[in-house]
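Step one of this worksheet: look at the structure below.
The values are calculated or read from the model by the stated rules, or taken from the named source; none is laboratory data. Computed from a predicted model, the values in this text were never measured in an experiment. Don't worry about glycine lacking a Cβ; one is built from the backbone with ideal geometry, like all the others, and counts go over all protein chains shown. Note: areas computed on protein heavy atoms with side chains; ligands, DNA, RNA excluded. Shrake-Rupley method; radii C 1.70, N 1.55, O 1.52, S 1.80 Å.
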Amino acid sequence: MMGKQKLIIVRIVGAIVISMIALGSSQATAQQQGAFPDKLVVGTMVIPPFLMKGADGQWEGLSVDLWQAVARKLDVEYELREYTSVESILDDAKAGKIDLIPVLPITEAYEIQLDFSHQYFRSGLAIAISKEKSAPGLLRFAKRLISTDIIVVVGGLLLLSLVAGIIVWLFEGRRNREFDGGFVQGAGHGLWWAVVTLTTVGYGDKAPRTLGGRMTALIWMFTSIVLIASFTAAITTTLTVGELGGKIQGLEDLPGLRVGAFAKSEGLSFLVENGIAAQPYERVRDGLQDLSQKKIDAFVLNEAVLKYMVKKEFSGVVAVLPEVFDHYYVGMALPTDSPQIEPINRALLRIVIQDEWAKTVERYFGRHR
């Protein structure tokens, strides 16, 4: 009897152990699969061309396409929940009210608050400026020719020519009828000779005949070579600067200007860290609108978003400078210690190595560097 009781106890204990092993295996499998709820909540907000809302109300964009591909591979259900500000979507993600944000810069500031998937896109910051309304070409050229810099250079050349002319007149005035006359008349003859010599026109109507006059002429001719080369360089520089005048050329030009940036964005953080005051905008469109109306001088944002928005809505009135700085990657953001991150990462890696992903990126951005 005691033997049978022991056997029953052994069998019960064995069953319990087997059940516990099976339960642990089941839990491990569930954890490995990400322990997905019945339906994931995915937070979205308009960030073209990553996240966009079509005329039919359906979401589209690079990050939407990527998430849909991930969801198909994982066979999970999801719903999209729209947000209107970065702050609100971050707060809900940190609180676990949403399970995923399809696109967010992978930065130290965000990594402290959330966990990230593997990166799937490389980007950086760029500067948008308003396009100047150009005057007609001839008028624009004329304005540059009468700029202060050119007037100063021409005045300097005339002053040097006058000095050379007076020196020649001092040598030639009494011995050469071509330079005779009082100081004013003689200096005028000398100035005329110096200018035609300087410009290598050399009409030949006046030529020094004395030794002192010819030595002065020799020195002036060699000096003229240097002066004309310098004058040409000054004219070229002034006209080039005039073509670009009033425009921002790069990041180093931003301090002291009216600069805008998307609120709670990497661009705004970068500007603040580098001591550049910036006005935050809750919507990119509002910032670009103010830029087009010259209420601000520049707008800093993700390069891809800027180029897409300018091409779509502000072509001809806003331009994006070619300089890209503060490069960073973007990925999907999840609440800290989210059990879904590993399966999402595995699915993500399988997708981004395929040719179809390269075609998707090219569809939204063209050939991306």
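General remarks:
- The local environment of V330, defined by Cβ-Cβ distances under 11 Å, has a net charge of 0 under the rule Lys, Arg +1 and Asp, Glu -1.
- In the stretch 42-137, the trypsin sites (Lys or Arg not before Pro) that fall in loop regions by DSSP, at most 11 other Cβ within 10 Å: K133
- Remark on Y281: its backbone amide H falls under 5 Å from those of A261, F262, A263, a criterion applied only to residues 5 or more positions apart or on other chains, H modelled at 1.01 Å from N.
- Projecting the Cα positions of S230, F365, I296 onto the charge dipole of the stretch 227-369 (unit charges on Cβ atoms of Lys, Arg, Asp and Glu, taken about the Cα centre) puts F365 furthest along the positive direction.
- Percent RCO, i.e. relative contact order, over the stretch 256-307, from Cα pairs under 8 Å lying at least 6 residues apart: 47 percent
- Measuring r between the beta carbons of V226 and L257 and using R0 = 41 Å, the FRET efficiency lands at 0.60.
- The mean sequence distance of close C-alpha pairs (under 8 Å, at least 6 residues apart), as a share of the length of the stretch 28-112, puts its relative contact order at 38 percent.
- Under the simplified labelling scheme, the V272-E77 pair shows an inter-label distance of 4.1 nm, with each label point 7 Å from Cα along Cα→Cβ.
- Computed on the stretch 252-369, with alpha-carbon pairs under 8 angstrom and 6+ residues apart, the relative contact order is 20 percent.
- At R0 = 22 Å, FRET efficiency that the Cβ-Cβ distance of Q113 and D286 yields, to 0.05: 0.30
- Each residue of the stretch 119-124 was assigned a 3J(HN,Hα) from its phi angle through the Karplus curve 6.51 cos²θ - 1.76 cosθ + 1.60 (θ = phi - 60°); the sequence is 5, 9, 7, 9, 9, x Hz, with glycine and proline shown as x.
- About the Cα centre, charge dipole magnitude for the stretch 308-369 (Lys/Arg +1, Asp/Glu -1 at Cβ), debye: 280 debye
- Electrostatic tally near L218: other residues with Cβ closer than 15 Å to its Cβ, Lys and Arg +1, Asp and Glu -1, net +1.
- Y308 contributes about 50 Å² of solvent-accessible surface, heavy atoms of the protein only, 1.4 Å probe.
- Computed from the Cβ-Cβ distance with R0 of 51 Å, the FRET efficiency linking Q293 to E362 stands at 0.95.
- 12 Å beta-carbon shell around T107, net charge (K/R +1, D/E -1): -4
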